[in-house]
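Okay, so here's the structure we're looking at.
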Amino acid sequence: MPTLSTQVLVIGGGATGLGIAWDAALRGLKVILLEQGDLAQGTSGRYHGLLHSGGRYVTSDPHSARDCARENAILRRIIPAAIEDTGGLFVSTPADPPQFADRWLEACGRCNVPAQEITPAQALRREPMLNPRISRAFYVNDASLNSFHLLHALTESVRSSGCQVLLWHQVVALLIARQAVVGARVRPLAQGEEFSILADVVVNATGPWTAAVAALAGLHIPLTLGKGTLIAMASRVVNTVINRCKPPSDGDIIVPVDTVNVLGTTDVPVSSPEQRSIEPWEIDLLLAEGEILIPSLSQYRPLRAWAGIRPLYRPQEVEAINNRSITRGHIILDHAENDSLGGLISVFGGKLTTFRLMAEQTVDLICRRLGIRSPSLTAETPLQPGHRRHYSLPARLTSIESARATGHPDLLCECEVVSKGEVLTALQGGDVAELADLMRDLRLGMGPCQGTFCAYRAAAVLAEVGAGAQTPQQALHAFASERSRGLSPLAWGTTLRQMALQHRVYVDLLHAEVTD
Ligand SMILES: Cc1cc2nc3c(=O)[nH]c(=O)nc-3n(C[C@H](O)[C@H](O)[C@H](O)COP(=O)(O)OP(=O)(O)OC[C@H]3O[C@@H](n4cnc5c(N)ncnc54)[C@H](O)[C@@H]3O)c2cc1C
């Protein structure tokens, strides 16, 4: 079996793992990162899209609130291209406890979370669809953060410093010698034979899979998993992040992300990271709570639903009434101290907003373990936006206009304005194994038709250039089934008609199987 070696082996290509690889690479360490799927296939691609101001945690988790406020400012500086500065509002609706607003504002002051009270009339001028019966409104530094863009930029920075990011590579065993983890056995999921990687330090940054990966070394991490469901509305009803001014609870936020508004979220205990099916009550609740903020919400089309899983650390001594009362702060476990097993660090929890801080603290620990003195550079190093063209409607419309002047723009996805040229450029990167990778890279198939017309065209392009390991039928089956999973919980009205049309195209015309 071939063997590679490195100083730091990171398992997990979400924001946390890539942040750690980036920080370590900037300090001159040799790093290999392994991700079992595509970038952003885990929680980092299944979140609200909120760059937290910290406002959501000032009363329930002040430590996380302070971390978010600090990191918000840093990320705006180092990766502005991934952030849309939407601003955020906390509003008191008639359904919210009126005395909470003053308590919340005081807590913002204590946590250094900038918040400024504005009048309800000013809030309504900014967001005319808001509930006109709001009694208080506060402006905060919330924004929306495109994680697909961020993760591509991190990957390119890691690779450009000579380190490796291997997608579609799964860790199937941890190698242990003399009371320490010394590496991992790796299974390439696209093609190739299993191999081993020896490392001075192995970092387990696998989000909700953390306990499963630690179990490969015989360790037990007491994790509770919480599923959060989200709904994308097909239009941007609001352009500012809107939060309810009350203690964090289900369905209390709307985030504008690219072309949609995301409603979130729930918190349901689940027993595995794969348990992401969505219950009808979650949809009812999110839409009903959303209407408290935007009374006309039911007139808009819900486009798609999905769920992400939070890993919540709950050792026996922590008493918790429910998942929401467990800390949303991050945890770094040095298993040498915790379990007398050297060479392995697990890092999980926190927010996408705090990924850089988590990375800095983890690599500080790695450096101490390796006897290296080298400070983190990430807070001051701009992250170059990935070379791939990520979603920007104006940029895409401009490029289509110029293509139209010279001939046919060759659109594959009309809803999200994705051309064949953009797909071919994405394929050149070599990381595309399935159609869903193009969706995460380019938003192909994310628009109102949910892939009905673009997926088979893109499958044809994949087959034409021989990209990915799937046949066009397999590619279509996988893509259409995944889309269908997100549409099924919303199967009424326009969405139901869309699903019927999609069924006609895929099953009746193209004879592709679709399961959900
Ligand atoms: C519903 C929901 C909404 C959220 N909203 C927000 C928000 O608005 N703002 C915010 O800041 N934070 C938000 N968060 C939190 C945020 O999404 C997470 O903190 C962050 O994405 C975690 O990133 P991660 O890298 O730790 O985990 P992940 O993104 O889950 O990455 C772990 C990776 O490990 C890989 N992996 C697992 N096992 C293996 C293996 N054996 N071999 C190789 N790879 C493996 C997985 O494929 C996965 O890609 C939200 C979380 C949830 C659940």
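The values are calculated or read from the model by the stated rules, or taken from the named source; none is laboratory data. Predicted model, so just to flag it, every value in this text is computed and none were measured. Backbone-built Cβ (ideal geometry, glycine too); neighbour counts: all protein chains shown. Surface accessibility is based on the protein's heavy atoms, side chains included, excluding ligands, DNA and RNA. Shrake-Rupley method; radii C 1.70, N 1.55, O 1.52, S 1.80 Å.
Taken together, the criteria place ALA123 among residues that are at pLDDT 95 or above and open to solvent by less than 10 Å² (accessible area, probe 1.4 Å). Hey, any hits in the stretch 138-145 for a residue that's in contact with a Gly (Cβ under 9 Å, 6 or more places away or on another chain), within 11 Å of the ligand (Cβ to nearest atom) and farther than 26 Å from ILE74 by Cβ? Taking every residue of the stretch 138-145 in turn, none turns out to be in contact with a Gly (Cβ under 9 Å, 6 or more places away or on another chain), within 11 Å of the ligand (Cβ to nearest atom) and farther than 26 Å from ILE74 by Cβ. Scanning the stretch 279-302 for residues that are open to solvent by 20 Å² or more (accessible area, probe 1.4 Å) and within 25 Å of THR86 (Cβ to Cβ) yields a total of 12. For the subset of the stretch 146-159 comprising residues that are open to solvent by 20 Å² or more (accessible area, probe 1.4 Å) and under 15 Å from THR378 (Cα atoms), which member is modelled with the highest pLDDT? Out of the qualifying residues, it is SER157. Taken as a whole, the condition of being surrounded by fewer than 24 Cβ atoms within 10 Å (Cβ to Cβ), within 14 Å of the ligand (Cβ to nearest atom), of a type outside the set (Ser, Thr, Tyr) and at pLDDT below 95 applies to ILE83. If I filter the stretch 393-405 for residues that are under 30 Å from ILE345 (Cα atoms) and modelled with pLDDT under 85, do I get at least one hit? Scanning the stretch 393-405, I find no residue that is under 30 Å from ILE345 (Cα atoms) and modelled with pLDDT under 85, so the answer is no. Set side by side, the residues ALA73, ALA40 differ, and just one is modelled with pLDDT under 95, over 15 Å from CYS163 (Cβ atoms) and out of contact with any strand residue (DSSP E or B) (no Cβ under 6 Å at 6 or more places or on another chain), which is ALA40. Just so you know, in the stretch 13-34 the residues that are open to solvent by less than 10 Å² (accessible area, probe 1.4 Å) and of a type in the set (Gly, Ala, Ser) include one that is farthest from the ligand (Cβ to nearest atom), and it is ALA24.
Would you call GLY14 in the same structural domain as ARG356 (by TED's automatic domain parsing) and either under 30 Å from CYS111 (Cβ atoms) or hydroxyl-bearing (Ser, Thr, Tyr) (or both)?
Working: in the same structural domain as ARG356 (by TED's automatic domain parsing): yes; either under 30 Å from CYS111 (Cβ atoms) or hydroxyl-bearing (Ser, Thr, Tyr) (or both): yes.
Yes; evaluated as a whole, the condition is true for this residue.
When you check ARG276 against the structure, is it surrounded by fewer than 18 Cβ atoms within 10 Å (Cβ to Cβ), within 16 Å of the ligand (Cβ to nearest atom) and either charged (D, E, K, R) or under 20 Å from THR59 (Cβ atoms) (or both), yes or no?
Details: surrounded by fewer than 18 Cβ atoms within 10 Å (Cβ to Cβ): yes; within 16 Å of the ligand (Cβ to nearest atom): yes; either charged (D, E, K, R) or under 20 Å from THR59 (Cβ atoms) (or both): yes.
Answer is yes for this residue.
Scanning the stretch 378-392 for residues that are modelled with pLDDT of 70 or more and out of contact with any helix residue (DSSP H, G or I) (no Cβ under 7 Å at 6 or more places or on another chain) turns up just one, GLU380. The set of residues in the stretch 230-267 being more than 17 Å from LEU293 (Cβ to Cβ) and either within 13 Å of the ligand (Cβ to nearest atom) or at pLDDT 95 or above (or both) consists of ASP267 alone. Among all residues of the stretch 185-192, there is at least one that is in contact (Cβ under 8 Å) with a residue 24 or more places away in the chain, out of contact with any Gly (no Cβ under 7 Å at 6 or more places or on another chain) and crowded, with 22+ Cβ neighbours inside 10 Å.
Using the structure shown, decide if ASN112 is in contact (Cβ under 8 Å) with a residue 24 or more places away in the chain, on the phi > 0 side of the Ramachandran plot, of a type in the set (S, T, N, Q) and in contact with a helix residue (DSSP H, G or I) (Cβ under 7 Å, 6 or more places away or on another chain).
Criteria met by ASN112.
Of all residues in the stretch 454-475, those satisfying the criterion of being in a loop (DSSP other than H, G, I, E, B) and buried (at least 18 other Cβ atoms within 10 Å of the Cβ) are ALA467, GLY468, GLN470.
Taking the condition outside any loop (DSSP other than H, G, I, E, B) and closer than 24 Å to HIS169 by Cβ, does LEU487 pass? If you could, list the steps in order and put the result at the bottom.
Details: outside any loop (DSSP other than H, G, I, E, B): yes; closer than 24 Å to HIS169 by Cβ: no.
In short, no.
Residues in the stretch 66-80 that are open to solvent by less than 10 Å² (accessible area, probe 1.4 Å) and free of Cβ contacts under 8 Å to residues at least 24 places away in the same chain: 0 in all. Scanning the stretch 91-118 for residues that are under 17 Å from ASN72 (Cα atoms) and open to solvent by less than 80 Å² (accessible area, probe 1.4 Å) yields a count of 6. Of all residues in the stretch 209-233, those satisfying the criterion of being of a type outside the set (A, V, I, L, M, F, W, C) and open to solvent by 10 Å² or more (accessible area, probe 1.4 Å) are GLY218, HIS220, PRO222, THR224. Quick check on the stretch 47-65. Is at least one of its residues over 14 Å from PRO248 (Cα atoms), free of Cβ contacts under 8 Å to residues at least 12 places away in the same chain and either touching a Lys or Arg at 6+ places or on another chain (Cβ under 9 Å) or outside any strand (DSSP E or B) (or both)? Checking the stretch 47-65: not a single residue is over 14 Å from PRO248 (Cα atoms), free of Cβ contacts under 8 Å to residues at least 12 places away in the same chain and either touching a Lys or Arg at 6+ places or on another chain (Cβ under 9 Å) or outside any strand (DSSP E or B) (or both).
For the stretch 419-436, what are the residues that are outside any helix (DSSP H, G or I) and more than 18 Å from SER402 (Cβ to Cβ)?
GLY429, GLY430, ASP431, VAL432, ALA433, GLU434
On the stretch given as the stretch 175-217, residues that are more than 10 Å from the ligand (Cβ to nearest atom) and not small (Gly, Ala, Ser) total 18.
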